[in-house]
1. Condition first: β-branched (V, I, T) and outside any loop (DSSP other than H, G, I, E, B). Now tell me which residues in segment 102-141 satisfy that.
2. In segment 8-15, is there at least one residue being part of a helix (DSSP H, G or I), out of contact with any Pro (no Cβ under 8 Å at 6 or more places or on another chain) and either under 30 Å from V84 (Cα atoms) or at pLDDT 50 or above (or both)?
3. Please enumerate the residues belonging to segment 20-34 that are touching a helix residue (DSSP H, G or I) at 6+ places or on another chain (Cβ under 8 Å) and hydrophobic (A, V, I, L, M, F, W, C).
4. Looking at segment 45-53, can you tell me whether even one residue there is surrounded by fewer than 18 Cβ atoms within 10 Å (Cβ to Cβ), on the phi < 0 side of the Ramachandran plot and part of a loop (DSSP other than H, G, I, E, B)?
5. Take the residues of segment 16-44 that are among the aliphatic types (A, V, I, L, M) and modelled with pLDDT under 50: which is farthest from the chain's Cα centre (by Cα)?
6. So, of the residues in segment 69-117 that are aromatic (F, W, Y) and out of contact with any Gly (no Cβ under 6 Å at 6 or more places or on another chain), which turns out to be nearest to D55 (Cα to Cα)?
7. Do we have any residue at all in segment 127-134 that's under 18 Å from V52 (Cβ atoms) and over 12 Å from the mean Cα position of the chain (by Cα)?
8. Restricting the search to segment 96-142, which residues are over 13 Å from T26 (Cβ atoms), surrounded by 11 or more Cβ atoms within 10 Å (Cβ to Cβ) and hydroxyl-bearing (S, T, Y)?
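The values are calculated or read from the model by the stated rules, or taken from the named source; none is laboratory data. The shown structure was predicted, so the numbers you read here are calculated from the model rather than taken from an experiment. Every residue, glycine as well, gets a Cβ built from its backbone with ideal geometry; the counts of neighbours run over all protein chains shown.
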Amino acid sequence: MKNLKLLSVFAFLFLAPGVKAEMKLTPFETDGCTMFVDGTREKPELWRHCCVEHDLRYWFGGSESDMDKTDLRLKDCVQKEAGVTWATLIYNGVRAGHHSPIKNKTQWGWAWNTGREKVPLTPAETTIVLAELKNVNVPEVSMDEFLKFYFPNN
């Protein structure tokens, strides 16, 4: 009996790491335009909503093409608010940040409690994300537009 208990403990220790942890998302948070201004001196929060939406999309991640689409949406949003110069500056900063050795907490897909690569969301992950988005209160983002743009088939 003692050997059976010992065998059970060893089996647990060696097999447990292979068991996937429950998938869940850490709570969403944003600081607006990370390491950059949220607007001009005259209008200090002019494009903040663009950055908040960008942060929301970065929160749950997805594929590399999803990330590219998200970065371009940020650029388009800032361009509508402040023009091509600010949009290009912010877009190039975000894109350069992908290659920086200095990473901040809010990298692409940072919300998952398990590491994820830049791959499309699985149907299970999509279900989790959609459920969590219903609970996220982000006044700067039109959730209906956000969902329609990023999840057109749901």
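1. Step one: list which residues in segment 102-141 are β-branched (V, I, T), which gives 102, 106, 114, 119, 122, 126-129, 136, 138, 141.
Listed by number, the residues that qualify are T126, T127, I128, V129.
2. Looking only at segment 8-15, we keep the residues that are part of a helix (DSSP H, G or I), and these are 8-15.
Applying the additional criterion that residues be out of contact with any Pro (no Cβ under 8 Å at 6 or more places or on another chain) yields 8-15.
Then drop every residue that is not either under 30 Å from V84 (Cα atoms) or at pLDDT 50 or above (or both), which leaves none.
Within segment 8-15, not a single residue is part of a helix (DSSP H, G or I), out of contact with any Pro (no Cβ under 8 Å at 6 or more places or on another chain) and either under 30 Å from V84 (Cα atoms) or at pLDDT 50 or above (or both).
3. Result: M23, L25, F28, C33.
4. Let us first name the residues in segment 45-53 that are surrounded by fewer than 18 Cβ atoms within 10 Å (Cβ to Cβ), namely 45-46.
If we keep only those that are on the phi < 0 side of the Ramachandran plot as well, we get 45-46.
Going one step further and asking which of them are part of a loop (DSSP other than H, G, I, E, B), we end up with 45-46.
Yes - at least one qualifying residue is present in segment 45-53.
5. Just the residues of segment 16-44 that are among the aliphatic types (A, V, I, L, M), to begin with: 16, 19, 21, 23, 25, 35, 37.
The next check asks that each one be modelled with pLDDT under 50; those that pass are 16, 19.
Numbers: A16: 28, V19: 25 Å.
The selected residue is A16.
6. Of the residues in segment 69-117, the ones aromatic (F, W, Y) are 86, 91, 108, 110, 112.
With out of contact with any Gly (no Cβ under 6 Å at 6 or more places or on another chain) added as a condition, the list becomes 86, 91, 110, 112.
Working: W86: 18, Y91: 13, W110: 10, W112: 14 Å.
The qualifying residue nearest to D55 (Cα to Cα) is W110.
7. Here is the first cut: in segment 127-134, the ones under 18 Å from V52 (Cβ atoms) are 129, 132-134.
Now drop any that are not over 12 Å from the mean Cα position of the chain (by Cα), which leaves 132, 134.
Yes, some residue in segment 127-134 is under 18 Å from V52 (Cβ atoms) and over 12 Å from the mean Cα position of the chain (by Cα).
8. Listed by number, the residues that qualify are T122, T126, T127, S142.
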